[in-house]
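Participant: Would you mind keeping the following structure in view while I ask a few things?
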Amino acid sequence: MRKCITATYNRMVCTLAPHILYTKHDDVFVDAVTLERDGQPPKEIKLGTFKLAGLKDIEVADRSFIADAIFNPGDIKYDRVTLFVVDRS
């Protein structure tokens with residue numbers, strides 16, 4: 001299931017395409033591509049890191065996504081800390 005999520009982050013409603021969920025220093029993070037921020041598309045496509053505790057009002061959106069090529073699941077920062085990763089196929 002590659003569904004987007006909506007959440008409030010820094011008081012802005014965002015639509016995110018979550019690519020990986022992982023831990024770092026006992027906190028949980030999600031790396032995701034921001035598809036919209038307050039209803040507007042981003043100026044550039046990039047993979048952002050969001051602390052899960054900082055995302056409020058999280059909901060699964062009725063919008064699918066394709067894993068972006070900018071995501072590298074083999075990145076060393078994900079080694080042995082990955083909880084969930086999107087299937088790239």
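None of the figures in this text is laboratory data; all of them are computed from the coordinates on show. Remember, it's a predicted structure, so these values are computed and weren't measured experimentally. Backbone-built Cβ (ideal geometry, glycine too); neighbour counts: all protein chains shown.
Participant: Only sites in a loop by DSSP and with at most 13 other Cβ atoms within 10 Å count here; which chymotrypsin sites (Phe, Trp or Tyr not before Pro) in the chain make the cut?
Facilitator: Details: sites: 9, 22, 29, 50, 65, 71, 78, 84; in loops: 65, 71.
Sparse-neighbourhood loop chymotrypsin sites (Phe, Trp or Tyr not before Pro): none present.
Participant: Over the chain, what is the relative contact order in percent, taking alpha-carbon pairs closer than 8 angstrom and at least six residues apart?
Facilitator: Relative CO of the chain lands at 35 percent.
Participant: Tell me which trypsin sites (Lys or Arg not before Pro) from segment 34-89 have a DSSP coil assignment and no more than 11 other beta carbons within 10 Å of their own. Spell out each step's value before the answer.
Facilitator: On the way: sites: 37, 43, 46, 51, 56, 63, 77, 80, 88; in loops: 43, 46, 80, 88.
When the trypsin sites (Lys or Arg not before Pro) of segment 34-89 are filtered for loop state and at most 11 Cβ neighbours within 10 Å, 43, 46, 80 remain.
Participant: Let me ask another. Give me the Å³ per residue figure for the convex hull around the C-alpha atoms of segment 3-85.
Facilitator: Working: hull volume 7.9 nm³, N = 83.
Looking at segment 3-85, the number lands at 95 Å³ per residue.
Participant: Next question. Whole Å is fine, so just give me how far the alpha carbon centre of segment 73-89 lies from that of segment 1-22.
Facilitator: Between the Cα centres of segment 73-89 and segment 1-22 lies a distance of 17 Å.
Participant: Quick check: net charge around residue 2, other residues with Cβ under 13 Å of its Cβ, Lys/Arg +1 and Asp/Glu -1? Intermediate values should be presented prior to the final figure.
Facilitator: Values: positive: 3, 63, 88; negative: 62, 68, 87.
Surrounding charge for residue 2 is 0.
Participant: Return the lysines within reach of residue 77: Cα separation strictly under 20 angstrom, same-chain partners fewer than 8 residues apart disregarded; answer none if there are no such residues.
Facilitator: Result set, ordered by chain and number: 24, 46, 51.
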